[in-house]
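Right, one structure below, let's go through it.
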Amino acid sequence: MTDTNPAAAATPRRRDAEGSRRALLDAARALFGERGFERTTVREIGEQAGVDPALIARYFGSKAALYVAALHSDNDPEGPFTDLLAPGRLDEVLAKVDRMGPSPVLQAAVRPHDDQVVQRAARTALATRLTDPLEQRLERSGTDRARLRAELAVAAVAGIALARSAGAFDTLGAAPHAEVAALTTRMLDALADR
């Protein structure tokens with residue numbers, strides 16, 4: 001005899017809204033980091049997340065708003081960002097790229113966005129996480145043209161990280177991230193000299 005309880009049949013499956021939201025955010029971060037904003041579709045994000053892509057509109061409002069959320073989801077929960085010359089910071093950045101691919105923040109350093117809201121958010125995140133902390137260090141040490149030097153350093157690091165991820169250079173791509181970080185830090189130290 002089968003159970004034909006009408007109340008049980010009418011009860012919809014419980015949805016995990018937070019789980020779906022997190023899955024969309026994780027998929028978006030990965031795809032935006034790999035392909036950029038314009039070349040990533042809502043459908044691909046939904047497929048990778050394993051949920052209906054229409055949920056992007058429900059939870060985020062739009063693809064652009066999801067991109068902005070993905071930028072913020074990469075924030076360091078430990079507190080303020082440290083500059084690229086802080087011990088271990090560059091190694092941490094390169095290790096993260098090795099593990100997860102280039103983040104939307106690093107992509108922002110080399111790819112402009114057609115959507116102005118997305119472009120502003122990407123530039124703000126890039127400045128907040130990487131450029132501003134290094135500029136502040138350089139200013140404290142009395143280095144002239146601190147902003148220019150900080151931007152040069154961030155551009156170099158973004159280029160190195162993206163080139164490693166893309167496999168553009170065999171030796172660079174095969175080198176351990178700790179070795180690349182040590183060599184890059186030495187290069188950046190020259191930028192920090194007055």
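The values are calculated or read from the model by the stated rules, or taken from the named source; none is laboratory data. In this text the structure is predicted, and so the values were computed from the model without any measurement. Quick reminder, even Gly has a Cβ in these numbers, built from the backbone with ideal geometry, and neighbours come from all protein chains shown. To get the accessible areas, we keep the full protein, side chains included, count just its heavy atoms, and leave off ligands, DNA and RNA. Shrake-Rupley method; radii C 1.70, N 1.55, O 1.52, S 1.80 Å.
Of everything in region 144-165, what is surrounded by fewer than 18 Cβ atoms within 10 Å (Cβ to Cβ) and more than 17 Å from the chain's Cα centre (by Cα)? Give them in sequence order. The answer is Asp144, Arg145, Arg147, Leu148, Leu152. Residue check: Glu78 meets all listed conditions (1) under 25 Å from Leu130 (Cβ atoms); (2) surrounded by fewer than 13 Cβ atoms within 10 Å (Cβ to Cβ); (3) at pLDDT 85 or above but one, namely (3). If the condition is being under 18 Å from Ser62 (Cβ atoms) and touching a residue at least 24 places away in the same chain (Cβ under 8 Å), then region 27-41 contributes Ala28, Arg29, Phe32, Gly36, Phe37, Glu38.
Among the conditions (1) in contact with a Ser or Thr (Cβ under 9 Å, 6 or more places away or on another chain); (2) of a type outside the set (Gly, Ala, Ser); (3) over 27 Å from Ala174 (Cβ atoms); (4) open to solvent by 30 Å² or more (accessible area, probe 1.4 Å), the only one that Tyr67 does not satisfy is (4).
Just to check your reading of the model, which residue among Val110, Val97, Val117 is buried (at least 19 other Cβ atoms within 10 Å of the Cβ) and either within 14 Å of the chain's Cα centre (by Cα) or assigned to a helix (DSSP H, G or I) (or both)? Val97 is the lone residue from the list that is buried (at least 19 other Cβ atoms within 10 Å of the Cβ) and either within 14 Å of the chain's Cα centre (by Cα) or assigned to a helix (DSSP H, G or I) (or both). Taken together, the criteria exclude Arg194 from residues that are over 29 Å from Arg35 (Cβ atoms) and at pLDDT 90 or above. For region 27-62, which residues satisfy the criterion of being among the basic types (Lys, Arg), at pLDDT 90 or above and buried (at least 16 other Cβ atoms within 10 Å of the Cβ)? Matches in region 27-62: none.
Condition test on Thr131, is it at pLDDT 90 or above, buried (at least 18 other Cβ atoms within 10 Å of the Cβ) and of a type in the set (Val, Ile, Thr)? So Thr131 fits the description; yes. Please work out if Ala7 is out of contact with any helix residue (DSSP H, G or I) (no Cβ under 7 Å at 6 or more places or on another chain), loosely packed, with under 14 Cβ neighbours inside 10 Å and modelled with pLDDT of 90 or more. So Ala7 fails the test.
Within region 151-174, none of the residues are of a type in the set (Lys, Arg) and out of contact with any Gly (no Cβ under 8 Å at 6 or more places or on another chain).
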